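Inspection log for the structure reproduced underneath, given as structure tokens.
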Amino acid sequence: MKRLPLLLILPALCGISSCEKVRGLATRIAKKPPATESAVANSNTWISEISEVGYDTFRQQPGKLAIVDFHADWCGPCRQLGPILAQIVSEHGGSVVVGKINVDQNKELAAREGVRGIPDVRIYREGRLVDQFVGLPDESEVRRRIEAHALGLPKPAATGDDKPATTDPITRPMPKDWLPPGMQRR
């Protein structure tokens, strides 16, 4: 709906005279997917799309809390849960990771794991299922469940970007024993 006025105005703005050029440009614009919340959430390095092939490996990550989110693109509660999980995961700095599984693309895995409703979130620690919930609870409830199982996880190793704290201050006070020429101390 929002693209229709753009498609009507575009030929006049661009000075395109050929109908084929207008149709080609309109087709390219129509095929371009709009940015969604899930695209933003997946930009986080601790959130990844996984499939049936990587499912077992993902949930058995040593020293990390692995959260598996069975979701679908058309599911409203799933889209609401995505940013909540992204926020919580970013606060843990790599000790908590999320793997998102689209149930429409991985029907056999969803059936094998007994997914009956979405969002279906499962929390694994050392490959063992420690918690699970179906639906969209309050953000505080999601946070409480994840925090309870993230206790005692080792902090991720520091990357090369982190600089050790120094004891020397960046600025130092100037010594007070200098005087301009011609001045005397009293």
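The values are calculated or read from the model by the stated rules, or taken from the named source; none is laboratory data. All of these numbers come straight from a predicted model, not from anything done at the bench. Using ideal geometry, Cβ is built from the backbone for each residue, glycine included, and neighbour counts are taken over all protein chains shown.
Observations
- Of all the residues in the range 54-84, those that are under 22 Å from His149 (Cα atoms) and in a loop (DSSP other than H, G, I, E, B) number 5.
- Scope the range 101-146; condition in contact with an Asp or Glu (Cβ under 7 Å, 6 or more places away or on another chain), surrounded by fewer than 19 Cβ atoms within 10 Å (Cβ to Cβ) and β-branched (Val, Ile, Thr); matching residues: Val134
- You will find that of Gly160, Gly152, the residue that is over 30 Å from Arg116 (Cβ atoms), of a type outside the set (S, T, N, Q), loosely packed, with under 10 Cβ neighbours inside 10 Å and modelled with pLDDT under 70 is Gly160 and no other.
- Number of positions in the range 65-100 that are loosely packed, with under 14 Cβ neighbours inside 10 Å and within 16 Å of the chain's Cα centre (by Cα): 4
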